[in-house]
1. Any idea what angle helix 39-51 forms with the longest principal axis of the chain, computed on alpha-carbon atoms, 0 to 90 degrees, nearest 10?
2. Roughly how many Å² is the accessible area per residue of segment 4-91, as a whole number, for a 1.4 Å probe?
3. What distance in nm separates the two pseudo spin-label positions at Arg89 and Asp60, each 7 Å out from Cα along the beta-carbon direction?
4. Stokes-Einstein diffusion coefficient for segment 51-144 at 20 °C in a medium of 1.002 mPa s, Rh from the Kirkwood formula over Cα pairs: what value in µm²/s?
5. Bin width 5 Å, alpha-carbon pairs only: give the P(r) of segment 40-84 as whole percents, running from 0 to the bin holding the largest distance.
6. State, to one decimal in nm, how far the label point of Asp38 lies from the label point of Ser116, with both points 7 Å from Cα in the Cβ direction.
7. Mind jotting down the distance between the C-alpha centroids of segment 1-56 and segment 73-149, whole Å?
8. With the alpha-carbon atoms as the only input, what is the per residue convex hull volume for segment 1-64 in Å³?
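The values are calculated or read from the model by the stated rules, or taken from the named source; none is laboratory data. As the structure is a computational prediction, the values presented were derived from the model and not from experiment. Quick reminder, even Gly has a Cβ in these numbers, built from the backbone with ideal geometry, and neighbours come from all protein chains shown. Ligands, DNA and RNA are stripped out before the accessible areas are found, and what is left, the full protein with its side chains, is counted by its heavy atoms. Shrake-Rupley method; radii C 1.70, N 1.55, O 1.52, S 1.80 Å.
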Amino acid sequence: MRIIVQRVKEASVRVDDRVVGSIDKGLLVFLGVGALDDEKDLDYMFNKVLGLRIFQDEDDKMNLSLEDIDGELLVVSQFTLYGDVRKGRRPSFTDSASPEMGEEFYEKFTEKCRESGVKVETGIFGADMKVDLTNDGPVTIMLDSKKTF
């Protein structure tokens, strides 16, 4: 799995000019699923995202997690995180999961986050989405579950 995490003051996602998900202070998560991903990748990403200490503490150091600040999550599916442009200029998506697998992992990830007690909003899987955000920092972190174990 590949995830881009952005610390935000607020974020929302629209489909057909209708807001389908909106959060205040928290994390905007762009989630891509790879063809070789399994439950181990899902668990790793879940634990990593919720435990990332990228919010300021009282000493102005990045030391607090989403859970520590009672923050919110906006999760948006983004298969283009697996776009490979090493050859040519047009991305290849051969490493991306099938749409069925991508949606299954996306749903499992958001459900695990909800079960942990975090407020979770989402986009609509496979839809043409417009994402609005106010970056906080900016702080942007890239995660790839295959580069960890």
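1. Roughly 30 degrees, rounded to the nearest 10.
2. Numbers: 4910 Å² over 88 residues.
For segment 4-91, the per-residue accessible area is 56 Å².
3. The two pseudo-label positions are separated by 4.4 nm.
4. Rounded to a whole number, D works out at 137 µm²/s.
5. Histogram of Cα-Cα distances, whole percents per bin: 6, 17, 20, 23, 15, 11, 7, 2, 0.
6. 2.2
7. 7
8. Once divided by residue count, the hull of segment 1-64 is 94 Å³.
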